[in-house]
Amino acid sequence: MGGSAFAAVAAHGEATLNTPRLTQEDYTRLKAILKTSLQAFFGPNTKLDTLSEAPEKDNFGDIDFIVARDEPTDWLVLATFIGAAGLIAHHPRMRSLAIPIADTGSARPPVSYKPIPPQKLKTSPMPAKTVDQYAQIDIETVPTSLYPWRTFYSSYGDLSSILGHILRPLGFKLSENGLYLRLKELEQAKSMLWPGIADHDGLLFLSCSPGKVMQFLGLSADRYEQGFATLDELYVWLGHCPGVCAELGWTRKQENSSDRAKEKRTVFMRFLEEWVPAHYPSSLLDANTDSDAAKKAREVTVHKKRQETLEEALTFFNKQADYYIMHEALIRAISNSSAASLLRPIISLHSGRADKQLTEIVRAFRRFTGVHRGENGRLELRVLETPHTDAECELWRLVDAVEDSGERVLRDWAMVSEFVKERWEEVRRLERKRVEAAKGGGAGREKAAEVR
């Protein structure tokens, strides 16, 4: 939270708790005291610790604790136990607490503060700050199975942001739950806005073991455990990651504006814009970096590296079988979704329907259309008596992918158009019967009458 959580919250009749940045001395002293108190509260067998801060900091916005805990936490009891003056609920597993910097403990029960709506924050004056100063303490509980990973992921300030940026062009996603492989086809589906394709359809879990992930990335776990006294030590360690190259600066330029908040995070910025270019010069980054030739060269380099790293990851994490299952299911889901989108204008043409009525008929074709190849090898369509589930939908057989773009086209537009023209009313009728049966009869008939 950066030590600013209490600046944007309020409690009725209460002053704003003054939470200045902490000196190194206060940070070290309070960290030791609070770790002892938290261990006493949660029990001696509970794993908990502070997160490692970014190197070379001489003041701190807050103190971050992470606790391995599967059970719910009574946060008000905890806040009272450690002498907090206030607390803020961020989500069920995380709170920010305000502890007197003087470590005298609060003389009264802790007060719950609520976020101030952004519009009110702009127009209304904030309550006066307290004279007494407090330290912001962020405490998060995580499932015990994820404790090692989350400790690794959240430490050293921008470490996860830097690793995530390095790995993204190679087709990986680093999250608070582990390392994932992001299938290329998922990105294509998102860029084409095919409906019904969720992120989890194309994200393959690889591992949440810090040691195994560091080994795969070529990063020394022993060196990580020793800690980093300077930013340069951290950067040298990160520099062994296979995705580090001079092109990182270019890929950063391609990020959308929502990622620009990272510009204020100097650990992230200095690594990408100063350290990497100084240690990984590239002929691809010449004065004309935005030329078509330079862009093409970078894309070829990244594509080749991504394919190589994909194969390495599947072998290293033993995920070949899982990958092929997910890949096949994703391709089929994308083809079903694109086929339905390509059918939509054809159905509109022959039925004269639009909006909700058109959506109803498209859904009917997904459920009640069977597609197979006849003896002559040609596609044949038929109306089914029993509806398909989404997973069983056979519309995918109607489309072909266009090379590597991910775009789909109908294999036989004329044949599909003729089938739609002749059978759309029958298919819609079957869908309405299905809906009617699912709703118990009466509600379904009323709905069907409304949309005729």
Looking at this structure, is Glu392 part of a helix (DSSP H, G or I) and closer than 22 Å to Glu360 by Cβ? no
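Condition check ((1) closer than 30 Å to Met214 by Cα; (2) outside the structural domain of Arg408 (by TED's automatic domain parsing); (3) in contact with a Gly (Cβ under 6 Å, 6 or more places away or on another chain)) across all residues:
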residue	(1), (2), (3)
Lys295	no, yes, no
Glu299	yes, yes, no
Lys305	yes, yes, no
Ala313	yes, yes, no
Ser337	no, no, yes
Arg344	no, no, no
Arg363	no, no, no
Thr369	no, no, no
Checking Leu76 against (1) touching a strand residue (DSSP E or B) at 6+ places or on another chain (Cβ under 7 Å); (2) surrounded by fewer than 17 Cβ atoms within 10 Å (Cβ to Cβ); (3) modelled with pLDDT of 95 or more, the condition it does not meet: (1)
Pairs, please: C-beta under 9 Å, at least 6 apart or cross-chain, first residue over 17 Å from Thr144 (Cβ atoms) and in the range 27-43, second in a helix (DSSP H, G or I)? Ser37/Phe81; Ala40/Phe81
When every residue in the range 114-138 that is surrounded by fewer than 19 Cβ atoms within 10 Å (Cβ to Cβ) and hydroxyl-bearing (Ser, Thr, Tyr) is compared, the one farthest from Arg306 (Cα to Cα) is Thr130
Quick one: which of Leu248, Leu206, Leu163, Leu174 is more than 30 Å from Ala340 (Cβ to Cβ), in contact with a Leu (Cβ under 6 Å, 6 or more places away or on another chain) and modelled with pLDDT under 90? Leu248
Within the range 70-79, track down each residue that is closer than 10 Å to Ile139 by Cβ and not in a helix (DSSP H, G or I). Thr73
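Let's see how each residue does on (1) in contact with a Cys (Cβ under 6 Å, 6 or more places away or on another chain); (2) under 22 Å from Trp194 (Cβ atoms); (3) modelled with pLDDT of 90 or more:
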| site | (1), (2), (3) |
| --- | --- |
| Ala340 | no, yes, yes |
| Leu384 | no, no, yes |
| Arg397 | no, yes, yes |
| Asp412 | no, yes, yes |
| Glu422 | no, no, yes |
| Val451 | no, no, no |
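Which members of the range 215-247 meet the condition of being part of a helix (DSSP H, G or I) and hydrophobic (A, V, I, L, M, F, W, C)? Reasoning before the result, please.
Residues of the range 215-247 that are part of a helix (DSSP H, G or I), as a first pass: 215-216, 221-226, 231-238.
Hits for the range 215-247 are Phe216, Ala221, Leu231, Leu234, Val236, Trp237, Leu238.
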Could you grab the pairs with beta carbons closer than 6 Å, sequence gap of 6+ or different chains, first residue in the range 209-233 and within 18 Å of Phe271 (Cα to Cα), second one assigned to a helix (DSSP H, G or I)? Phe228/Leu234
Would you check which residues across the range 373-389 are surrounded by 11 or more Cβ atoms within 10 Å (Cβ to Cβ) and in a strand (DSSP E or B) and list them? Leu379, Glu380, Leu381, Arg382, Val383
Name, by its number, the condition in (1) on the phi > 0 side of the Ramachandran plot; (2) touching a Leu at 6+ places or on another chain (Cβ under 8 Å) that does not hold for Gly196. (2)
Ser106 passes all but one of (1) farther than 30 Å from Arg270 by Cα; (2) modelled with pLDDT of 95 or more; which number fails? (2)
For the range 52-66, does any single residue satisfy the condition of being in contact (Cβ under 8 Å) with a residue 40 or more places away in the chain and farther than 25 Å from Asp232 by Cα? yes
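For the range 395-426, how many residues meet the condition of being assigned to a loop (DSSP other than H, G, I, E, B), exposed (fewer than 13 other Cβ atoms within 10 Å of the Cβ) and of a type outside the set (D, E, K, R)?
From the range 395-426, those assigned to a loop (DSSP other than H, G, I, E, B) are 402-407, 411-412; that's our starting set.
Subset that is exposed (fewer than 13 other Cβ atoms within 10 Å of the Cβ): 402-405.
Then drop every residue that is not of a type outside the set (D, E, K, R), which leaves 402, 405.
So the answer is 2.
Results for (1) surrounded by fewer than 16 Cβ atoms within 10 Å (Cβ to Cβ); (2) under 21 Å from the mean Cα position of the chain (by Cα); (3) in a helix (DSSP H, G or I), shown as yes or no for each residue.
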residue	(1), (2), (3)
Glu299	yes, no, yes
His303	yes, no, yes
Leu310	no, yes, yes
Tyr323	no, yes, yes
Leu330	no, yes, yes
Ala333	no, yes, yes
Asn336	no, no, yes
Ala339	no, no, yes
Sole miss for Thr28 among (1) of a type in the set (S, T, N, Q); (2) outside any loop (DSSP other than H, G, I, E, B); (3) farther than 22 Å from Gln226 by Cβ is condition (3)
Please state which of the following conditions Asp103 fails to meet, knowing it meets all the rest: (1) over 27 Å from Leu48 (Cα atoms); (2) of a type in the set (Asp, Glu); (3) assigned to a loop (DSSP other than H, G, I, E, B). (1)
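Does Lys262 satisfy being at pLDDT 75 or above, among the basic types (Lys, Arg) and either assigned to a helix (DSSP H, G or I) or outside the structural domain of Arg168 (by TED's automatic domain parsing) (or both)?
Values: at pLDDT 75 or above: no; among the basic types (Lys, Arg): yes; either assigned to a helix (DSSP H, G or I) or outside the structural domain of Arg168 (by TED's automatic domain parsing) (or both): yes.
Spelling it out, it is not the case that Lys262 is at pLDDT 75 or above, among the basic types (Lys, Arg) and either assigned to a helix (DSSP H, G or I) or outside the structural domain of Arg168 (by TED's automatic domain parsing) (or both).
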Evaluation of Gly105 against (1) free of Cβ contacts under 8 Å to residues at least 24 places away in the same chain; (2) of a type outside the set (A, V, I, L, M, F, W, C); (3) farther than 20 Å from Ile63 by Cα; (4) not assigned by TED's automatic domain parsing to the domain that holds Phe271 (one fails), failing number: (3)
Inside the range 341-368, the number of residues satisfying the requirement of being closer than 26 Å to Leu203 by Cβ and crowded, with 22+ Cβ neighbours inside 10 Å is 1
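The values are calculated or read from the model by the stated rules, or taken from the named source; none is laboratory data. Not measured: the values here are computed from a predicted model. As a convention, Cβ positions derive from the backbone with ideal geometry for all residues, glycine included, and neighbour counts pool all protein chains shown.
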